[in-house]
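Single-structure report; data block below.
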Amino acid sequence: MNEFSRNEPRFALCGLNCCLCPRFHTEGASRCPGCGGPGFVDKHPTCAVATCNRKHDGVEFCFQCGAYPCKKYTEPPSTDSFISYREVGRDLLAAQRDLPAYLKELSRREAALLLLLRDYDEGRSKGLYCLAVNLLPLDQLESLMTGIQADGELPALDLKERARRVAALFRRRAEELHIDLALRK
């Protein structure tokens, strides 16, 4: 694959929320530019979805392809890579129904993640935050974020303790909702 670029690298051709992936928020050589972002081919030279896209309709999102839903979506993967694949079907359906609305929701999720990474990541919580922001229902995520920002005690704590408390809040809420905040191996 020589070149592959897209208008919206934050939301992948295949439905992954690239902007909620730890590698999207990494500095240095392992940083991923998102699906079709600058340098994508250097990081993912054999992306099967991008190759399939070139052979088919060359669309911005798989749900726009004439062959959708193909086997990739009727038999989704049972394992994850750097980001959870669990909600790809849900996210593609939401984007197919109303792409601008879905991208606004994705921006809200990414804003929450950026705040978490800036103020509550002691170097070990990024993966947990990425999973939580990706998997929790948006209303639950925003409720948690409102509570975190309103907690007057958190700013006085050292970063390690702030991260511990915020991570515990996310784990507790996910447990209440029966959501596993772990990548499937």
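A short reminder: the numbers here are calculations on the coordinates, not readings from a lab. A quick note: this is a predicted structure, and the numbers were derived from the prediction, not measured. Positions of Cβ are generated from backbone atoms using ideal geometry, with glycine treated the same way; all protein chains shown enter the neighbour counts.
Points to keep in mind about this one:
- What you get for the range 23-139, charging only the Cβ of Lys and Arg (+1) and of Asp and Glu (-1), is a dipole of about 260 debye around the Cα centre.
- Label zone at Thr74, where the point sits 7 Å out along the Cα-to-Cβ direction: the range 37-55 residues whose backbone N lies under 19 Å: 49, 52-53
- Partners for Lys126 among lysines (Cα-Cα distance below 29 Å; same-chain residues under 8 apart left out): Lys43, Lys72, Lys104, Lys160, Lys185
- FRET efficiency, Ala67 to Ala168 (Cβ-Cβ, R0 41 Å, nearest 0.05): 0.40
- Residue among Cys35, Pro22, Cys70 farthest towards the positive dipole end of the range 1-96, charges placed on Cβ: Cys70
- DSSP-loop GluC sites (Glu not before Pro) across the range 63-167, with at most 11 other Cβ within 10 angstrom: Glu153
- Positive minus negative residues near Cys32 (Lys, Arg vs Asp, Glu; Cβ under 14 Å): +4
- Which label in [x] 17.2, 55; [y] 26.9, 90; [z] 17.4, 60 gives the computed Rg and Dmax of the Cα atoms in Å: [x]
- Computed over the alpha-carbon pairs of the range 1-85, the distance histogram in 10 Å steps reads 17, 52, 29, 2 percent, short to long.
- Counting only Cβ charges, +1 for Lys and Arg and -1 for Asp and Glu, the dipole size of the range 98-180 around its Cα centre is about 220 debye.
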